[in-house]
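Below: the structure, in structure tokens.
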Amino acid sequence: MNAFEGTVRLVGERLVLRPFALDDAGTLIEVIRAREHFLPPNFPTVLEAEPIAWFLREGVHKVQRFGLGVHLAVTERYTGDLVGTIGLFKVDWTHLTSEVGYGMRPAARGRGYATEALRLVSDWALRDCGLFRVELRAMVTNRASVRVAEKAGYVREGVARGAERDAEGVSRDMIVFSRIATDPPLSGAPPAHPDGASARLYDDEEGRYP
């Protein structure tokens with residue numbers, strides 16, 4: 001099963017979430033040069049033209065092609081500027097579950113973009129893709145990530161002790177959040193935009209992918 005087939009384009013009040021493309025090469029090079037730490041672990045980190053071009057043409061789309069997840073560029077709706085990335089990963093079609101991860105560029109943080117992007121992807125995953133549960137994990141010390149999860153309608157389930165090792169090799173506790181398909185709609189959530197989904201993961205405003 002692969003509910004991620006086709007082109008994914010999710011339109012919100014201020015954002016458009018879309019697939020990465022070769023046109024994003026210039027921005028990706030800028031991000032690598034500036035050492036902006038918000039990209040998923042599998043994204044290029046070295047300034048080599050050929051690998052970057054291959055990644056944007058093919059590599060970034062492989063997980064979607066095989067139904068294992070999806071990586072989307074988070075862009076400003078009216079300028080087209082890349083402000084972050086968001087994705088679904090660890091998709092299990094037997095149990096209809098997934099995790100979500102996201103990250104915002106440093107200049108784009110503090111504007112509520114992470115919350116809007118998370119709502120868009122979560123609603124799409126649970127409503128249009130047939131997933132039943134989307135899980136989000138945030139380090140207990142990451143207050144920005146916790147706020148984003150709560151604002152996006154995620155329910156705090158508990159703490160996974162020592163669930164992730166940080167850059168220094170220390171095992172850190174993670175707060176586990178989730179949304180499921182039977183959760184009530186978010187109060188005050190904007191209705192789906194008429195230009196919304198045409199088809200059917202850093203985990204915080206500060207830019208950290210799991």
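Values as computed for the structure displayed
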{"read-out": "Diffusion constant of the range 10-204 at 4 °C, which comes from Stokes-Einstein with the Kirkwood Cα-pair radius and 1.567 mPa s, µm²/s", "value": "75"}
{"read-out": "Most positive-pole-ward Cα, Trp54, Asn142, Ile32, against dipole of the chain from beta carbon charges", "value": "Asn142"}
{"read-out": "Sorted peptide list for 88-101, 107-120, criterion being average Cβ within 10 angstrom, highest first", "value": "107-120, 88-101"}
{"read-out": "The chain, helix-only ellipticity at 222 nm - DSSP H runs n ≥ 4, -39,500 (n - 2.57), divided by all residues, nearest 500", "value": "-6500 deg cm²/dmol"}
{"read-out": "Size of electric dipole in the chain: Cβ of Lys, Arg +1 and of Asp, Glu -1, about Cα centre, debye, nearest 20", "value": "280"}
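FYI, it's all coordinate maths here, none of it is from the lab. A quick note: this is a predicted structure, and the numbers were derived from the prediction, not measured. As a convention, Cβ positions derive from the backbone with ideal geometry for all residues, glycine included, and neighbour counts pool all protein chains shown.
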